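The next block holds one structure in the form of structure tokens; read it before the comments.
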Amino acid sequence: MCRHLGYLGPPVRVGEILTRGSHSLRTQAWAPRDMRRGGTINADGFGVAWWSAAADDPITVSRYRNAAPIWTDPAVDEVLPQLESTAVLGAVRSATVGMPVERSACAPFTCDRWAFSHNGVVPDWRRTLPAVVAEFARAVDECGAEEMFAPARLLEAESATDAATLWEVLRALLVTLAPDRERQAVATALRMLVAAILDRAPDARLNFLLSDGAQLWATTCHHSLSVLVTDTFAIVSSEPLDDDPRWQPIQDHSLVTAGPGALSIDTLR
């Protein structure tokens, strides 16, 4: 059901983050250790997003994606290591049966300063997610933001997958609830989305990873996650990248907020 990781800290080579450690994200693509009955390998594409300063914008997000397995792409070793960033979000994909294997279906999904990845599945997502959007539309009707949750918004998804469509719903929540990317407001948006989906699809697997290049947010809902946070850097990953004893496993149904020197783990319920 996919693997992902997020990094914040001193500048690193983008390609190096994807291959860092004895159990790197690239290794997890073909030899994951904890898929929890969510597949066996992650060979249906990959992607990576990174943030950089620009003359006309304090920070911008870029990305690279490929529908082929990460271990077959020479850009990981030959091109991406030439790029440096203080923030990176990467993902490898295991496509749910019936969903397309294409570049546009690969995380990260991006907009403005945001990058998002989903490790999991939403059963019957074509019915579940429109119902969630309708619920949110009713909730914000008095705020004058109902256009953010118009059903047609789901047609803007890059690909006909649960993850791409999830991003459209979350993006609307972030615009409505967290226009300034305030940490607790973002956490509230994530909690609302998870709760609304689980109300309709209790078997959904909802490990989210979200970043604006300055902070990492993650959820655990039926899939594994570990964090390694020091005074200088923070890494959130589906599985530990190496045998460093400082890796901390995250309990199920948790909401993680992380950055260099800062880690908050709260209940997702």
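Contact list please: Cβ distance under 7 Å, first residue in the range 238-262 and closer than 14 Å to LEU209 by Cα, second residue crowded, with 16+ Cβ neighbours inside 10 Å and among the hydroxyl-bearing types (Ser, Thr, Tyr), pairs at least six apart or on different chains.
Taking only residues 6 or more apart or on different chains, the pairs are SER238/SER224; GLU239/SER224; GLU239/SER226; ILE250/THR220; ILE250/SER226; HIS253/THR220; SER254/THR220; LEU255/THR219.
In the range 162-181, is there at least one residue being closer than 16 Å to LEU129 by Cα, surrounded by fewer than 18 Cβ atoms within 10 Å (Cβ to Cβ), at pLDDT 95 or above and among the acidic types (Asp, Glu)?
No: zero hits.
Counting only residues that are touching a helix residue (DSSP H, G or I) at 6+ places or on another chain (Cβ under 7 Å), part of a helix (DSSP H, G or I) and in contact (Cβ under 8 Å) with a residue 60 or more places away in the chain, which one in the range 64-83 is farthest from TRP217 (Cα to Cα)?
ASP77
Considering only residues that are small (Gly, Ala, Ser) and under 23 Å from VAL61 (Cα atoms), which ones fall in the range 1-46? Write out each step before concluding.
First, pick out the residues of the range 1-46 that are small (Gly, Ala, Ser): 6, 9, 15, 21-22, 24, 29, 31, 38-39, 43, 45.
Within the range 1-46, GLY6, GLY9, GLY15, SER24, GLY45 meet the criteria.
Quick one: which of ARG26, ARG33 is assigned to a loop (DSSP other than H, G, I, E, B) and either of a type in the set (Val, Ile, Thr) or touching a residue at least 60 places away in the same chain (Cβ under 8 Å) (or both)?
ARG33
Which numbered condition trips up ILE41, out of (1) within 24 Å of GLU156 (Cα to Cα); (2) of a type outside the set (Lys, Arg); (3) at pLDDT below 95?
Going through the list (1) within 24 Å of GLU156 (Cα to Cα); (2) of a type outside the set (Lys, Arg); (3) at pLDDT below 95, ILE41 breaks only (1).
Quick one: in the range 46-70, which of the residues that are more than 17 Å from ALA115 (Cα to Cα) and modelled with pLDDT of 95 or more is surrounded by the fewest Cβ atoms within 10 Å (Cβ to Cβ)?
ALA68
For the condition assigned to a loop (DSSP other than H, G, I, E, B), in contact with a strand residue (DSSP E or B) (Cβ under 8 Å, 6 or more places away or on another chain) and not basic (Lys, Arg), what is the one hit in THR96, THR60, THR86?
Only one candidate qualifies: THR96.
Considering each of LEU198, LEU209, LEU190 in turn, give the residue that is at pLDDT 95 or above and within 24 Å of ALA29 (Cβ to Cβ).
Of the residues listed, the single one that is at pLDDT 95 or above and within 24 Å of ALA29 (Cβ to Cβ) is LEU209.
With the range 169-269 as the region, which strands (runs of 3 or more DSSP E) entirely inside it contain at least 3 residues that are in contact with a strand residue (DSSP E or B) (Cβ under 9 Å, 6 or more places away or on another chain) and farther than 26 Å from SER62 by Cβ?
262-267
The values are calculated or read from the model by the stated rules, or taken from the named source; none is laboratory data. Note that the structure is predicted; figures quoted are calculated from it, not measured. Glycine gets a Cβ as well: all are built from the backbone with ideal geometry, and neighbour counts include every protein chain shown.
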